Structure formats: C-alpha cells, structure tokens
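A short write-up of the structure that comes next.
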Amino acid sequence: MTRERTITLVFALVATLGAVPATVAASTRSSPATVAVFATGFDNPRGLTFGPDGNLYVAEGGRGGSMMTTAAQCEQVPAPVGPYSGGFTARISRVSASGVRSTIASGLPSSQTSPALGSLVSGVADVQFIGNTLYALLAGAGCSHGLAGTVNGIIRVNANGTATLVADLSTFIQNHPVAHPNAGDFEPDGTWYSMVAVRGDLYAVEPNHGEVDRVSTSGSISRLVDVSASQGHAVPTAIAYHGNFFVGNLGTFPIVAGTEKVWKLNPGGHLKTWASGLTAVLGLAFDREGRLYVLENTTCAVPCFPTPNAGKVLRVDRNGNVETIASGLMLPTAMTFGPDGNIYVSTFGFGGPPGAGSITKITLSD
C-alpha cells in the first residue's frame, strides 16, 4: 500500500486514545534523556526551527476546510485519497523560551484527504530562516487540494504577518515530472514535507513524487535529485545538511521495522546509502559533534501502521554505533536542535483534535 492510502488508517486508533555508513541493529544501546512537554496548543505541528531571535518557529498543518474543486477545474487526486477539501486554517507559530505560543502568520492554505481515509491534514510543512528572513514550505495548497487559485510553494513571511510567494512548486513539478511517479495516489500539487537552508538557498523534499529541489530566494527552481529514478516510490521525507545533504525516507505502508534508510546526497545529485535498518523516518538532525539523529514516527515488532506513543529518536555516531535517545513519542513529525543543545520534536503531529499538537523537549545527558 502507498503512504497516502494507508497513513490515515491511524486516525481510528488515535480517536480511541484521548557520519560513517551505518546499519541500525535490531536492538540498540540506550542513552538516558529527559523527555518533557515544552509547548502545547498546535494544529498538526510539522517542521520547526529556531530563529536568530532564539525563539522556536513551528509550521502547522492547520484544520483543513470544506472548500472543494472539481475535475473540470483541474486534475484531482485519485480516490480513495481524494477528493480533497481545504480552507485557510494553517499557520506559523512562535514559541518563547518559556513555552508560550503566539501566532505570527495565519490564514494559510490547509487541506485534507477524503473523509473515507481519515481527513489527513496538510498545510505549512516546514519553516527555515535565511538571515533574519523566515521562509515557509506549503504542502496544503493547490487546485487538486480543493483550493482553486492557490499553489504549493515557498513563501516569505513578512514582518507584518503577511506572506509573499517566492517559488511556485506546483507548476514546477507539473512541468518537470519524475521518472517513476506512483499513479495510485498521484498528487498533482505534491505533498511537500521538509526543507533545509544551505548557503542562501532552500532545498525542499517532496515525498509523493520522490524528489529534492533547490529554490533560490529569487524564485528559481531546479531539481537536485529525482529519488524515484533510482529508488522507486521510496517516499523521501526528511532532509539535513552536514557537509553534504542527508535524506531519510518514510517508506510505504504497512510499516516494516528496519526497512528504511538515510541517503547521503552530494551537491551533484548522487545518492549513496549512509544508514540502513531504520523505520518510518520523518526527521534528521546533526548535533555539534557531527552525530546523526534520526526521528522514527513509529517502531513496531510486526508490520503496523502509525501508532500513538511508538515514536523514537536514535543517535548514530561516527563509528556507526546506535543509541536510543528517546522512545514512546506520540506521533512525532519533525525535530530540530535548539541553541541549548537539546532536541525539540513536533508531537501529535497528525490525527488529533484542534489544538492537540505539542512540542516535546528532549534534554540530552551527553
């Protein structure tokens, strides 16, 4: 099964619950860490980053909406994933050092899959700073997501809370198809997931088509790598930079433990397996010592679907040793390091009622 067809099966369960190449072993050492809620009140929190002001900025998927389009207006996402409905309920939040949330941009595109598949929400997927300027990656926009006259892309967030479109990613992927698109759940506007800022440019990952694209602040777009060309429908999601790019993949469902990986991606677009034996990867980050941290949305002993309180953070050191840093996380969707050297994770990142999302702080012991 594909990601979009099966990830939404978790909603029924949720509703009932209020850098050397490495292979991750079946069991790993544990390194003690303190896990605590840092901030609450988010709507489907996704990517997050610390700004130059020391505050945490959080992308939120929003709450979807009831607006819809038809096949006469544009290509639709195939059933049962589509038809989508949408609204302008996504936002970007700022969180103070004391964990107080405030909204800095709102009214952004948010959409959801068909009710038959649980209404999986997408909106603002990620946020990154270049200097003092905040950029956001949109995943919930586009005519195929029920919002006519909108596009997925990268926006610049202005000081007054308004947004300016910098790059139209919907049109780019429609005009530059990948080698092996997946017809069963094809997303005409894409389902963009994460991005990273490197040397003044932004690099965005699209899981449904399987690609990593470079976007300049002036709006030019080029493809760094077509992941589908060599990996098929692998569903790449997470990206980090440490001398080279590193890309992790969620994979298709049901989740099978140890079947996913992290690729090293050089600036020339060449992929090489860097770490394997991973599960449902949704986040990557490097610490100050150059050790790779991997966020797994769900870990399970037998094939499963996204499961509450089954997320995990792993650390892979330069010798390939793997440690479990934190486990039992609630449907985590992204992570970043803070200026304090600790990890911040978006939790209850999908499937919850309005305001159920939170940010978890993982205080490291070493």
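The values are calculated or read from the model by the stated rules, or taken from the named source; none is laboratory data. Computed from a predicted model, the values in this text were never measured in an experiment. Please note: Cβ atoms are built from the backbone with ideal geometry, for glycine as well, and neighbour counts cover all protein chains shown.
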Taking the condition farther than 30 Å from residue 158 by Cα, surrounded by 15 or more Cβ atoms within 10 Å (Cβ to Cβ) and either over 19 Å from the mean Cα position of the chain (by Cα) or modelled with pLDDT of 95 or more (or both), does residue 291 pass? yes
Among the residues that make up segment 222-229, is at least one of them among the polar types (S, T, N, Q), under 29 Å from residue 290 (Cα atoms) and crowded, with 19+ Cβ neighbours inside 10 Å? yes
Here is a check on your reading of the model: is residue 213 out of contact with any Pro (no Cβ under 9 Å at 6 or more places or on another chain) and within 20 Å of residue 127 (Cβ to Cβ)? yes
Segment 239-251 residues that are farther than 11 Å from residue 194 by Cα, paired with ones that are in a strand (DSSP E or B) and among the acidic types (Asp, Glu) (beta carbon under 6 Å, 6 or more apart): 249/260; 251/260
Matching option when the condition is of a type in the set (Ser, Thr, Tyr), crowded, with 24+ Cβ neighbours inside 10 Å, modelled with pLDDT of 95 or more and under 20 Å from the mean Cα position of the chain (by Cα), among 106, 93: 93
Restrict the check to segment 339-360 and report whether at least one residue is farther than 23 Å from residue 124 by Cβ, out of contact with any Lys or Arg (no Cβ under 7 Å at 6 or more places or on another chain), buried (at least 24 other Cβ atoms within 10 Å of the Cβ) and not charged (D, E, K, R). no
For residues that are out of contact with any strand residue (DSSP E or B) (no Cβ under 7 Å at 6 or more places or on another chain), part of a strand (DSSP E or B) and crowded, with 18+ Cβ neighbours inside 10 Å, tally how many sit in segment 294-334. 0
How many residues of segment 47-75 are among the charged types (D, E, K, R) and closer than 14 Å to residue 356 by Cβ? The answer is 2
Would you list the strands (runs of 3 or more DSSP E) that sit entirely within segment 134-252 and hold 1 or more residues that are in contact with a Ser or Thr (Cβ under 7 Å, 6 or more places away or on another chain)? 153-157, 163-168, 194-198, 201-206, 211-216, 236-241, 245-249
Given the options 112, 73, 128, name the one that is surrounded by fewer than 17 Cβ atoms within 10 Å (Cβ to Cβ), under 23 Å from residue 170 (Cβ atoms) and at pLDDT 95 or above. 73
Considering only residues of segment 23-70 that are modelled with pLDDT of 95 or more and charged (D, E, K, R), which is nearest to the chain's Cα centre (by Cα)? 46
Residue check: is residue 254 of a type outside the set (A, V, I, L, M), in contact with a strand residue (DSSP E or B) (Cβ under 7 Å, 6 or more places away or on another chain), within 24 Å of residue 333 (Cα to Cα) and at pLDDT below 95? yes
Looking at the structure I just gave you, is residue 288 of a type in the set (D, E, K, R) and either in contact with a Lys or Arg (Cβ under 7 Å, 6 or more places away or on another chain) or not in a loop (DSSP other than H, G, I, E, B) (or both)? no
